[in-house]
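In what follows, a single structure is set out as structure tokens and then discussed.
The values are calculated or read from the model by the stated rules, or taken from the named source; none is laboratory data. All values derive from a computational prediction rather than experimental measurement. Note that each Cβ is placed from the backbone with ideal geometry, even for glycine, and that neighbours are counted across all protein chains shown.
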Amino acid sequence: MGNKMSNLKKYLNSYALAIFALSLMHTQAAMAWPTRSVQMLVGFPAGGSVDVLARAFGEALSVRMGQSVVVQNRDGASGTIGMAAGAKAEDGHTIVFGPAGPLVLQPHIKVNLPYKLNDMVGICQTFVNNYALVTSPNSKYRNLRDVLNDPDAKGDGVTYGSGGMGTMPHIGAVMFSLQSGAAMRAVQYRGDPPLVLALKSGDLQLASLSVGAAQKQGFRILGVFTSSRLSDAPDAPTMTEQGIPVVARVFGGLYVPKSMPAQAIKVLKDACEDAVKSERYVNASRASQQEILYRDSDAFSNALATEFDSLGQILRKANLKLD
């Protein structure tokens, strides 16, 4: 009888261990993400400032997660094409990198967007960009006063370029026009690269561009859309100190559709800070002169909600609609 009881206990113990092992294997399999390459959508052209950061960030994520991250440029419509594609992705392996504008700005001025702020989950903030009104070194505009005194500023409008209708650079220029009383006429380009070429060639006299991109290209900064001077551009006067209180800056980072599996969101949250601190990302930020600013998911999500409300108030006052 004793031997039978002993054998039964051994059997039950073995059975329990087998069940535990199967359960552990199932849990590990459920948590194994990514199971294949991850597609990172970028709503702006290849070679632009957003794309440069996205590729460096994707490389850092690849190392951290053990799967390749493939950047796909879905540019156009001021970043909303890429964000829309990300919002409706249901494959569990699609993420989005870029500025927050398509989520916090565009919905206020494009009424027919196929997504809302709450359709995306902010995983982490990785950067912030400040913008300025700039011109080429050979331009007739030596300072902001020259722009305001241009006869076109009181007539048909001074022509300027921006990298997309409804982007923060465009909105900054619109606010500048409203605050200064200068007439401004926008010429829209598909991202920064063609805009930079037009300014360098003399086809364009003015542009609303990120401060980092302006410095990298050697453009003359007429006024920065900030409330105080930037430590990275201490000689560049602000619009505010020149009597035109305009603030236009944008932050951004990594987002996923709300349909993303919980284990994928956890993996990405855990990987984000390491990716931001990686040598790849730091070097890309320095090379493109963009400021690193990390926020975790909770802080990033709160910042998105606050910015959405704040921009909504500003744009309602400006009565700006694109549809």
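Yes or no, residue by residue, for (1) outside any helix (DSSP H, G or I); (2) surrounded by fewer than 22 Cβ atoms within 10 Å (Cβ to Cβ); (3) touching a residue at least 24 places away in the same chain (Cβ under 8 Å); (4) touching a Lys or Arg at 6+ places or on another chain (Cβ under 9 Å):
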site: N112; (1), (2), (3), (4): yes, yes, yes, no
site: T126; (1), (2), (3), (4): yes, no, yes, yes
site: V134; (1), (2), (3), (4): yes, no, yes, yes
site: G161; (1), (2), (3), (4): yes, no, yes, no
site: M175; (1), (2), (3), (4): no, no, yes, no
site: A186; (1), (2), (3), (4): yes, yes, yes, no
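Out of all the residues in region 114-124, which are outside any loop (DSSP other than H, G, I, E, B) and out of contact with any Cys (no Cβ under 9 Å at 6 or more places or on another chain)?
Hits for region 114-124 are L117, N118, D119, M120, V121, G122.
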For residues that are touching a residue at least 12 places away in the same chain (Cβ under 8 Å) and charged (D, E, K, R), scanning just region 280-316, find the one that is nearest to I171 (Cα to Cα). R316
Just to verify a result, which residue in region 286-316, among those that are at pLDDT below 95 and closer than 17 Å to D51 by Cα, is surrounded by the fewest Cβ atoms within 10 Å (Cβ to Cβ)? R286
Testing K277 on (1) farther than 20 Å from L105 by Cβ; (2) in contact with a helix residue (DSSP H, G or I) (Cβ under 9 Å, 6 or more places away or on another chain); (3) free of Cβ contacts under 8 Å to residues at least 60 places away in the same chain; (4) outside the structural domain of S310 (by TED's automatic domain parsing), one condition comes back false. Which one is that? (4)
From the options V134, V111, V128, residue that is of a type in the set (A, V, I, L, M, F, W, C) and closer than 20 Å to V256 by Cα: V128
Y160 touching a Ser or Thr at 6+ places or on another chain (Cβ under 9 Å), farther than 27 Å from F308 by Cβ and at pLDDT 95 or above: no
Only one of F225, F219 is outside the structural domain of L103 (by TED's automatic domain parsing), modelled with pLDDT of 95 or more, of a type in the set (F, W, Y) and over 30 Å from D296 (Cα atoms). Can you tell me which? F219
Scan I123, I95, I109, I171 and give me the residue that is out of contact with any strand residue (DSSP E or B) (no Cβ under 8 Å at 6 or more places or on another chain) and not assigned by TED's automatic domain parsing to the domain that holds L209. I109
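Listed here are the residues, each with its yes/no results for (1) at pLDDT below 95; (2) among the β-branched types (V, I, T).
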site	(1), (2)
L22	yes, no
M25	yes, no
V50	yes, yes
S68	no, no
T80	no, yes
I95	no, yes
Could you tell me whether F57 is in contact with a helix residue (DSSP H, G or I) (Cβ under 6 Å, 6 or more places away or on another chain), part of a helix (DSSP H, G or I), farther than 16 Å from L113 by Cα and touching a residue at least 24 places away in the same chain (Cβ under 8 Å)? yes
I'm checking my understanding of the structure. Among residues of region 136-156 that are part of a loop (DSSP other than H, G, I, E, B) and in contact with a helix residue (DSSP H, G or I) (Cβ under 8 Å, 6 or more places away or on another chain), which one is farthest from D235 (Cα to Cα)? K140
Pick from region 81-110, criterion among the small types (G, A, S) and outside any loop (DSSP other than H, G, I, E, B), ranking: nearest to D309 (Cα to Cα): G101
